[in-house]
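The values are calculated or read from the model by the stated rules, or taken from the named source; none is laboratory data. From a predicted model like this one, the values you see are computed outputs, not experimental measurements. Using ideal geometry, Cβ is built from the backbone for each residue, glycine included, and neighbour counts are taken over all protein chains shown. These area figures cover heavy atoms from the full protein model, side chains too; ligands, DNA and RNA do not enter into them. Shrake-Rupley method; radii C 1.70, N 1.55, O 1.52, S 1.80 Å.
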Amino acid sequence: MSGVSTGSTGGGGSTGGRRDWPLWEVFVRSRRGLSHVHVGSLHAPDAEMALRNGRDLYTRRQEGVSLWVVPASAITASSPDEKDSFFDPAADKIYRHPTFYEVPEGVEHL
Amino acid sequence: MTEHVRYVLALADDVLVASQRLGGWIARAPELEEDVALANIGLDLLGQARSLLTHAGALEGEGRDEDALAYFRDERDFLNVHLVERSHGDFAATMARLLLLSTYLHELWTALLTSTDDTLAAVAAKAVKEVDYHADHARMWVLRLGDGTEESHRRMQAGLEAEWPYAEELFDGSYVDAALLETGVAVDPSTLRERWAGRVVAVVEEATLTVPTSRPAVTGGRRGIHTEEMGYLLAEMQHLARSHPGASW
């Protein structure tokens, strides 16, 4: 198993000749966070051990209350080569931002 | 030294020495992740040891703090079981030992939650969650190695055989003074054995391993009689503090 299919998230997979444990991406939801946030990656032989390694590596200082692990190989990432065609066209389309509305008086949160 | 102090010291020395042994794995475990896991477990045990040593020093009332008790006692004054002091063997043997030890510690701390010694009860409340995780970590590995490849099964069984004879010393309650049991300070470790065995045997069988039938090893840790390896362990643990008394960083 070798890392994320393209892109650079979490680095590559195995190097060298020996059979390495597969790579897992770790997501932690903090105490007051609403969503799980990617915090890094680790090696583990299977999902259960990946959760425990994640606990030991990424939540030692009370960083989280919930943990996800995802096989890095299951993530399809955008390619750096396609960065221009993927993301640049959004740059000059200001009408996609909700900045053309007058906020009605008395509305505190929108 | 009162029996109360001796009892707390025995509890402290078990986890202190186990912690020192686990530290020997740092940078030597099969993977970086396991280095961190074993270091975390060792540090949990060290935390328990610090609280217990401090408590023992306070009970004794002769001005010895946790450092004095950890670094400036000699081998014959240590009251830990042989299980924790022996060389840690290979990774499988280490996991076998961790399973036997942390399952015992979980039963011990659960029983001490209601100790009439308030400090012991407080340490137990914190420690019981820690050792529950340690036992789980050991269980995960015993299952995987036991029910893994032919080679991992062989080594896991060998590790279990090596550690098993030393577990019995944990349940020898002869070192616990009867008065401490009457007043509810201590628990008789022999009462923990049945639940311990139930849990350990369940893991061993699930891992397709065989429960060893070997006889208990000859031990004497609770009386300060230790194995040859204890001297080397203490030399490594104590030499800095003894060479540079009062050093800090």
message: So B:Gly57 ticks every box in (1) closer than 24 Å to B:Glu182 by Cβ; (2) open to solvent by less than 10 Å² (accessible area, probe 1.4 Å); (3) not β-branched (Val, Ile, Thr) but one. Which box is left unticked?
response: (1)
message: Suppose we keep only residues that are of a type in the set (Lys, Arg) and open to solvent by 100 Å² or more (accessible area, probe 1.4 Å) within region A:58-110. Which one would you say is farthest from B:Asp35 (Cα to Cα)?
response: A:Arg96
task: Take B:Pro165 and decide whether it is assigned to a helix (DSSP H, G or I) and either under 21 Å from B:Ser102 (Cβ atoms) or open to solvent by 10 Å² or more (accessible area, probe 1.4 Å) (or both).
output: yes
- prompt: What number goes with the only condition from (1) within 14 Å of chain A (Cβ to nearest Cβ); (2) buried (at least 20 other Cβ atoms within 10 Å of the Cβ) that B:Pro30 does not pass?
  reply: (2)
- prompt: Going by the conditions given, is B:Ala70 over 15 Å from B:Ala167 (Cα atoms) and among the small types (Gly, Ala, Ser)?
  reply: yes
query: Only one residue in B:Val123, B:Val128 is within 25 Å of A:Met49 (Cα to Cα), hydrophobic (A, V, I, L, M, F, W, C) and away from chain A (no Cβ under 14 Å), so which one is that?
result: B:Val128
- line: Residues of region A:59-68 being of a type outside the set (Asp, Glu) and either touching a His at 6+ places or on another chain (Cβ under 9 Å) or more than 10 Å from every other protein chain (Cβ to nearest Cβ) (or both), in sequence order, are A:Thr59, A:Arg61, A:Gln62, A:Gly64, A:Val65, A:Ser66, A:Leu67, A:Trp68
task: Kindly list, by first and then second residue, each pair from a residue in region B:220-234 that is on the phi > 0 side of the Ramachandran plot to a residue that is open to solvent by less than 30 Å² (accessible area, probe 1.4 Å), limited to pairs with Cβ atoms under 7 Å and residues at least 6 apart or on different chains.
output: B:Gly224/B:Phe78; B:Gly224/B:Leu79
field: Residues (within 9 Å of chain A (Cβ to nearest Cβ), open to solvent by 10 Å² or more (accessible area, probe 1.4 Å) and small (Gly, Ala, Ser)) located in region B:33-54
entry: B:Ala39
query: For region A:19-54, how many residues are away from chain B (no Cβ under 11 Å) and in a loop (DSSP other than H, G, I, E, B)?
result: 9
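Listed here are the residues, each with its yes/no results for (1) among the basic types (Lys, Arg); (2) under 22 Å from B:Gly220 (Cα atoms); (3) within 14 Å of chain A (Cβ to nearest Cβ); (4) open to solvent by 50 Å² or more (accessible area, probe 1.4 Å).
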| residue | (1), (2), (3), (4) |
| --- | --- |
| B:Ala111 | no, no, no, no |
| B:His153 | no, no, no, yes |
| B:Met156 | no, no, no, no |
| B:Glu169 | no, yes, no, no |
- request: Of the numbered conditions (1) closer than 20 Å to B:Glu194 by Cβ; (2) open to solvent by less than 20 Å² (accessible area, probe 1.4 Å); (3) not aliphatic (A, V, I, L, M), B:Phe78 fails exactly one; give the number of that condition.
  value: (1)
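For region B:5-27, does any single residue satisfy the condition of being assigned to a helix (DSSP H, G or I), within 14 Å of chain A (Cβ to nearest Cβ), crowded, with 20+ Cβ neighbours inside 10 Å and at pLDDT 95 or above?
Yes.
Being within 26 Å of B:Leu143 (Cα to Cα), of a type in the set (D, E, K, R), crowded, with 18+ Cβ neighbours inside 10 Å and within 14 Å of chain A (Cβ to nearest Cβ): is that true of B:Glu107 here?
no
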- prompt: Quick check, is B:Gly184 out of contact with any helix residue (DSSP H, G or I) (no Cβ under 9 Å at 6 or more places or on another chain) and more than 22 Å from B:Glu34 (Cα to Cα)?
  reply: yes
